[in-house]
1. Round to the nearest 10 and give me the degree value, 0 to 90, for the angle of helix 513-531's Cα axis relative to the longest principal axis of the chain.
2. Across region 53-63, in residue order, what do the Karplus-derived ³J(HN,Hα) couplings come to in whole Hz, using 6.51 cos²θ - 1.76 cosθ + 1.60 with θ = phi - 60° and x for Gly and Pro?
3. Evaluate the charge dipole of region 495-546 about its Cα centre and quote only its size in Debye, nearest 20, assuming +1 on the Cβ of each Lys and Arg and -1 on the Cβ of each Asp and Glu.
4. Determine the share of the chain's accessible area contributed by carbon and sulfur atoms, expressed in whole percent, with a 1.4 angstrom probe.
5. Can you match Rg and Dmax of the Cα atoms in Å to one of these, (1) 29.2, 132; (2) 27.4, 100; (3) 43.4, 155, based on a calculation from the structure here?
6. Work from the charge dipole of the chain (Cβ charges, +1 for Lys and Arg, -1 for Asp and Glu, about the Cα centre) and give the residue of ASN113, SER98, LEU210 farthest towards its positive end.
7. Quickly work out the GLU293-to-TYR465 label distance, labels modelled 7 Å from Cα along the C-beta direction, and quote it in nm with one decimal.
8. Determine the distance separating the Cα centre of region 91-144 from the Cα centre of region 466-516; give it in Å without decimals.
Amino acid sequence: MNRKIRKYLHMILSVMILTTAVLSSADIAYAEGSTGDYYNIENEYHADVNFSDMEIQWVDEDAVETFLDQYEQAVEDGDEAAVVSGYDKMNALFDHVSTQYTLNDIRHNLDINNEEYAELSDRMLEFANDMSDRALQLIREALKSDAGDALKAHIDDEYLVEDLLEYEDMTDEEKQLDLEYQKLQQEYEKILISDTHVDVDGKDWNLDKLMSDYSLDQDGYRRIVTAIYKARNGQMARIYTQIVRNRNRVAEINGYDNYADYTYELVFNRDYTSEDVQAIYTGVQDYIVPLSEELSSKEVYNFKLMNMDLTADERMDRVEPVIERIHPDLRYAWDYMRNHGLYDMDSSPSKMETGYTITLYTYGAPFIFDQPYGNWNDIETVIHEFGHYNEMFHNEEMHALTSVHNTDVSEIQSQGLELLCLDYADEIYGSGCKDAVVNDVLSNMTESVISGCIYDEFQYRAFTYDGELNADVLNEMFCEISNKYGNDYTSESAEVYYWPEINHTFEQPMYYISYCTSALAALDILAMSEHDRDAAIDCYMNLTTYHGEIPFRETLADVGLPDIFEDGVIEDISIAVREYAGITPASQVLKMIKDPVVIVIAVVLLVALIVIIVVRVSTRAERKAKKQNSNQMQMQ
């Protein structure tokens, strides 16, 4: 277990932390029952407050400064009681500030062009940086003071104490870099939702006009869509090069060569390195790329699915019966979420084009945000995001200061739920839809594995590039890397210009490999469910009790899943998925060919065949010679 206290709580980069309001008299809401098979509900805190009633109430900044001054004096005096109680108040303060920031961020995502929210977000971040830095300094000094032993006993977590003691003061440069990074993100978000117009052959085009013009042939369509994404690419790639410089400087200040290695270790709490991932790249290229191509070749346009444009509540009504059938314990979080309106998943032209689940610490409540596509994939999003929601909801240590986020594990919790729900596809999507849904979900999942590798390799190359980054360099990188994974792009392919449309690249750099690692692990749960569904559900439910303290590979071992970094595991996953999808198991044949026993048998059979052929040829010659001699004798 390795917990890191990040400067300005760097977890904001991985789970969008730093947000709100102190509850003075809020009630606590529990789901029916006190304890399930996997969760101890009695130990959890969840406020009985609807999201619509959660107001943005920023802290009294002067009062916070006074409180920190008083705590500093208590540390100097060695006042054990004041130091211990002050630590708890500090925790509540972090939760308050984090929740306030998050509430404002949600509001901003709902109305992305609202400058008031953007300006408030900047102000909150600047104060939060200063406040959290000083607070962590004081906690560090308190642990070293005469009251240190009492505080250590109160915290009762040797790993957290160790990280608090190792906290390094945040420099003015780091604070400025974080503010600059937030402004770059805001600039990017505006472009992301903007309506881009281009001139092609003297005619004005945007995506809406292109999608509604059915007179275009394929070449005409590709010319226009390429022009649109090329124009957007130029604007957003410029921002990305600035983000790379900004984040690399943060890494340098903290003793790392580049931001990619920094995030692997500190931000995402990974127990594998960028070097370890090379084995995943190879396995995916060898086994998942061919599988994905086979699944894609089976895809058939399903009018019913592609036109399934439902409201958020209609989508939830379809998913709800299945949630309980996966396991009744999932209803605790589900009922709380619906009863308190802790989601916004309806479409709006002003919303940020993204989806996420985030914790409102003060309320003990997660929140789901999504801008839907207007088809069946939006139901998948409900299932996926609820997988995140359920884990966050049951995290008993739900505090901004001490929460640890492990993206690789958390994405198994979301993707695993998607796969376990496939057995009920006809019930969720409608009669006759299961085959199409199964194929499309597995196709999407394998594409997630592939894109996870592509974007990880692409971003690592960008953060370690020894030269001047620009749009042309980045596009060339993306094209080259993509083609290693079964694509056939050229420098002018529309797909080469699309990479900036993936917001994680800008807002959560180096996150995307988690979609790959977690999807592979989730597919292992699916393979398990084919042979023992109860065991697969038990494995999944156990996974939902892991909240980030234990890293990815160790977690897999704990719950009985194979280590995807070991030889042969990715190949086995590809075979299992083929069997589930009803695809001819070509990989099984390939695996048999590689089996030493099979090779020995094949060699023996080949030798025997050669001997038989040689003998037959030899005896045939002898028979021919005898026949010729016999004929000659008869002629004489």
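The values are calculated or read from the model by the stated rules, or taken from the named source; none is laboratory data. Note that the structure is a prediction, hence the values are computed from the model and not measured. Using ideal geometry, Cβ is built from the backbone for each residue, glycine included, and neighbour counts are taken over all protein chains shown. All accessible areas refer to the heavy atoms of the entire protein, side chains included, with ligands and DNA or RNA removed. Shrake-Rupley method; radii C 1.70, N 1.55, O 1.52, S 1.80 Å.
1. 60
2. After applying 6.51 cos²θ - 1.76 cosθ + 1.60, I find 9, 7, 9, 7, 10, 5, 5, 7, 4, 5, 5 Hz.
3. Details: 1 positive and 8 negative charges, 22 e Å.
Roughly 100 debye for region 495-546.
4. Working: 13230 of 27800 Å².
With neighbouring chains kept in place, the figure for the chain is 48 percent.
5. Derived directly from the coordinates: (1).
6. Result: LEU210, furthest along the dipole toward the positive end.
7. 2.9
8. Between the Cα centre of region 91-144 and that of region 466-516, the gap is 32 Å.
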